[in-house]
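The values are calculated or read from the model by the stated rules, or taken from the named source; none is laboratory data. Note that this is a predicted model, so its numbers are computed, not measured. Every residue, glycine among them, receives a Cβ derived from its backbone with ideal geometry; neighbour counts consider all protein chains shown. These accessible areas exclude ligands, DNA and RNA; they are computed on the full protein's heavy atoms, side chains included. Shrake-Rupley method; radii C 1.70, N 1.55, O 1.52, S 1.80 Å.
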Amino acid sequence: MDRPKVHNPDLWPRVVILFQDGAYRASSAGDFVVWDWSTGKQEMFIQCAELRSFSMLTKDLILAATVPTPREPCLDVLSISEFQLPRVRGDDLNICIRSEPNPLATPSPRVPFAASQGDCCLYVVVLRLLDDNFTIWPVVLMALRSTFVARANRNHGSEDAVSQVIPWQDWGPASTRILPLDPSDSWIRYTNGTKYIHPAAEHTANLYDFNQHTLRSYRLPPKSPEAAHDSSMWTLLESESKIRAEVSPFLEDVTTRLPGGIAILELQKLARIHDIPRGPFPLGPSLGPMLTEDHIVLAVSEVTYDALVYLYM
């Protein structure tokens with residue numbers, strides 16, 4: 001059995017565990033359990049193959065990735081709202097949700113200020129479809145916490161409330177950004193706050209930011225490839241991203257428009273600024289950059305040593 005996914009009880013009065021068996025076994029039933037760790041009381045138990053991954057939205061709301069109907073995945077605020085995703089073109093779909101920090105995490109009292117934990121959290125949803133030729137088609141969907149919480153709060157707390165189904169076209173195109181990326185399964189701390197980092201060309205990485213309050217300070221998308229590599233400033237993403245069906249998990253082309261920015265980071269240059277030993281930094285499928293609130297963390301593998309290198313952003 002795969003290692004269960006556990007929500008940290010130190011930051012929340014509940015323990016949440018999802019037991020799964022096999023990454024691509026869509027028919028394997030999993031056990032999803034919620035306990036109040038202070039009383040030992042079990043508050044929820046779900047056993048089904050549809051629930052694939054989860055993350056916390058608030059102390060009372062859980063965001064789960066589910067496939068309630070074959071080839072029709074969704075993001076489900078459990079028992080409240082079901083956010084439908086684009087239909088996929090196969091049954092063997094793996095979905096994983098990542099977000100950092102925990103929505104109830106509190107900053108250290110030693111720091112003078114910290115980012116708000118309200119809307120400033122990005123949910124990174126990785127979808128990977130395994131087709132009949134054993135080819136994996138990955139994409140990354142990014143959405144802000146407010147997208148889910150605002151709609152869920154309309155239906156939350158009512159005794160006669162019924163789980164609301166929200167079609168993809170009613171929420172997804174304007175509130176998400178889908179990119180043809182495939183993050184590492186090992187170095188999984190690739191998101192923090194509203195930022196997401198992904199390895200790009202050799203010794204470079206793309207840092208994305210979806211903080212809607214900072215977009216006005218970003219410049220317009222460059223008109224030439226040379227200008228794109230000027231990482232001195234953040235650049236706005238193109239107004240929309242189109243994912244073609246034939247090179248993605250989806251049954252049809254998908255267009256998304258969540259505004260965001262991108263900075264292209266030259267990791268070797270950052271390492272020299274921080275007096276880090278000379279590279280190279282192998283950023284292949286098994287090694288990649290990660291994020292904390294104010295650092296980029298590189299998993300560096302050299303002939304004589306392995307290390308985690310911390311670079312200020």
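Seen through its C-alpha gyration tensor, with square-root eigenvalues sorted a ≥ b ≥ c, the stretch 32-72 comes out oblate because a/c lies at 1.5 or above while a/b is not bigger than b/c. Using a probe of 1.4 angstrom and keeping all protein chains present, the accessible surface of the stretch 121-206 works out to 45 square angstrom per residue. Rounded to 0.05, the FRET efficiency of the L251 and Q212 pair, given R0 = 35 Å and the Cβ-Cβ distance, is 0.70.
The phi-based Karplus calculation (6.51 cos²θ - 1.76 cosθ + 1.60; θ = phi - 60°) puts the 3J(HN,Hα) values of the stretch 125-141 at 10, 9, 10, 10, 9, 9, 8, 5, 9, 6, 9, 9, 10, x, 9, 10, 9 Hz, whole numbers, x for Gly and Pro. At 1.4 Å probe size, what's the solvent-accessible area of R145? Round to the nearest 10 Å². Counting only protein heavy atoms, R145 exposes about 10 Å² to solvent. Nearest 0.05, what FRET efficiency do E240 and T292 give at R0 = 25 Å with Cβ-Cβ as r? Between E240 and T292 the formula returns 0.25.
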